[in-house]
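The values are calculated or read from the model by the stated rules, or taken from the named source; none is laboratory data. As the structure is a computational prediction, the values presented were derived from the model and not from experiment. We place every Cβ from the backbone using ideal geometry, glycine too, and count neighbours over all the protein chains shown. Calculation scope for accessible area: heavy atoms of the full protein, side chains included, ligands and nucleic acids excluded. Shrake-Rupley method; radii C 1.70, N 1.55, O 1.52, S 1.80 Å.
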Amino acid sequence: MTAARTLVWLAAFSLTGFVLRAQTAPDAQQPAIVVSGFEPFGGRDRNASWTLAAEIAKAFPREVRALQIPVVWGAPLTTINNTQPLPQVWIAFGEGTPEFQIEILAHNQRGSYPDNQQAKPATPDIVSAAAPVLKQQAQVRDLAAALTQAGFPTHVSQSAGRYLCEEMLYSLLYAQQQHPEALRLVLFIHVPTLQQSLPVSPEKQGDPAPRRKVDAELLQVFGRQLFASLRTLGMLPLKQ
């Protein structure tokens, strides 16, 4: 690794003490898109959301930077605030749903669950004196339909779970309100866990869709399709 690339890597780590790992673009220009996933939790050694984020960053290295978010109360907003400059697009992923699920509603309220540090939330709200509910402003139903048509069953959800996933969505929507000139699009998408069985192609002539296990290869294909659908719908910036 050259000295210049070493400095870029160290700079990425210095953005925030909460960010455990980051992938940076090979050139000096800040990527216009951030994708994020969570570290493993619940006794698992991997998290499908981080696998997906990392695969997208590998597929689009000049456009995308991947950040891993700790499963720690407060980490989502701290990570966002410490990411400078903010990107034009931030797509966050979480795991744990039977199908792909685009979340559109976030409550400013934490569930009373322990995080990866075995700590329950210090405060019941995510952002003090902020709106009790924030809603996704982007029209995502066409995106869900496009992904489903491409073979990845996806639906729109208004129940993000009252854990770190909902906190991530609320934090992104709140940050977008504070910085509308920067964060033009924020999304939160739940993905199935690794090794889960998932129907991955549309039904034909009434036959059940074939199923396959969720793995890094499948998630990379989903990530590419997600970006293709977002571009078709005019929701992503032009390629660098």
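A 1.4 Å probe over all protein chains sorts Thr97, Thr232 by accessible area into Thr232, Thr97, starting with the largest.
Coupling constants for the range 86-91 follow from the phi torsions by the Karplus curve (6.51 cos²θ - 1.76 cosθ + 1.60, θ = phi - 60°), and in residue order they are 5, x, 6, 9, 10, 10 Hz; glycine and proline get x.
A full extension of the chain between Asp125 and Arg162 corresponds to an added length of 12.3 nm, given 0.36 nm per residue minus the alpha carbon distance. Under 18 Å from a point placed 7 Å out from the Cα of Arg212 along the Cα-to-Cβ direction: which residues of the range 85-102 have their backbone N that close? Answer for this model: 99-100.
What full-extension length gain, to one decimal in nm, is calculated for Gln177 and Arg62 as 0.36 nm per residue of separation minus the Cα-Cα distance? Extending this stretch completely gives an extra 38.7 nm. With N the number of residues in the range 39-180, Rg(Cα) / (2.2 N^0.38 Å) evaluates to 1.04. On the beta carbon distance between Gln137 and Ser112, with R0 = 35 Å, the FRET formula returns roughly 0.75.
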